[in-house]
1. Checking the condition under 13 Å from the mean Cα position of the chain (by Cα) and in a loop (DSSP other than H, G, I, E, B), which residue from Thr136, Thr61 passes?
2. Would it be correct to say that Val89 is at pLDDT below 95 and under 19 Å from the mean Cα position of the chain (by Cα)?
3. Pairs needed: first member in region 31-48, farther than 14 Å from Phe98 by Cβ; second member anywhere, near the ligand (Cβ under 9 Å from one of its atoms) and among the aliphatic types (A, V, I, L, M); C-beta distance under 7 Å; at least 6 residues apart or different chains.
4. Could you tell me whether any residue of region 27-50 is polar (S, T, N, Q), open to solvent by less than 60 Å² (accessible area, probe 1.4 Å) and at pLDDT below 85?
5. Only one residue in Ser135, Ser53, Ser77 is small (Gly, Ala, Ser), surrounded by fewer than 19 Cβ atoms within 10 Å (Cβ to Cβ) and within 16 Å of the ligand (Cβ to nearest atom). Which one?
6. Report the residue count in region 57-86 for those that are out of contact with any strand residue (DSSP E or B) (no Cβ under 7 Å at 6 or more places or on another chain) and at pLDDT 85 or above.
Amino acid sequence: MSAGRPLPGDVVDDAIDQPFWDACKDGVLLVYRCNTCGTSYWPAGSCTTHGMSDAGWVPATGTGRLHTWTVVHQKYSRSFTDDVKIVAVVKLDEGPFFHTNLIEVATTDLRAGLPVEVVFHTGDDDVVLPVFRVST
Ligand SMILES: [Zn+2]
């Protein structure tokens, strides 16, 4: 673990989400899809119409649009370095809202609706986190 920074698995040992984190290590973003109606969710959850009886993880495009964000000026833990500056909500092209970090962009360039794409960062602790950057 890197300097006390909370990571997936530290908070909840959740078997249903393990395929999501495993796919991140392969550079693939997954969404949880209801196989009855095709609605995608993130994180995994019950379809609002059909429950969880027939749902599972499927690859997502990894693209979306910046929905909203906040710029972190005050770091409350030394474990969060300068790479954790923009906390964002991305509306994935599949529909779900995805909470993440936005990287490689000046805060003055941020606009709602900005097209973004996922990239994967591997930390010192071998945990791979999906973050987003402006689409190239
Ligand atoms: Zn459904």
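1. Working: Thr136 fails: under 13 Å from the mean Cα position of the chain (by Cα).
None of the other options fit; the residue is Thr61.
2. Values: at pLDDT below 95: no; under 19 Å from the mean Cα position of the chain (by Cα): yes.
Criteria not met by Val89.
3. Arg33/Ala55; Cys34/Ala55; Asn35/Ala55; Cys47/Ala55
4. no
5. On the way: Ser135 fails: within 16 Å of the ligand (Cβ to nearest atom); Ser77 fails: within 16 Å of the ligand (Cβ to nearest atom).
Exactly one residue qualifies, and that residue is Ser53.
6. Looking only at region 57-86, we keep the residues that are out of contact with any strand residue (DSSP E or B) (no Cβ under 7 Å at 6 or more places or on another chain), and these are 61, 73-83.
Still in the running and at pLDDT 85 or above: 61.
Counting residues in region 57-86 that are out of contact with any strand residue (DSSP E or B) (no Cβ under 7 Å at 6 or more places or on another chain) and at pLDDT 85 or above gives 1.
The values are calculated or read from the model by the stated rules, or taken from the named source; none is laboratory data. These figures come from a predicted structure and were not determined experimentally. Counting neighbours? That spans all protein chains shown, and the Cβs are built from the backbone with ideal geometry, glycine included. Only protein heavy atoms, including side chains, enter the accessible area calculation; ligands, DNA and RNA are left aside. Shrake-Rupley method; radii C 1.70, N 1.55, O 1.52, S 1.80 Å.
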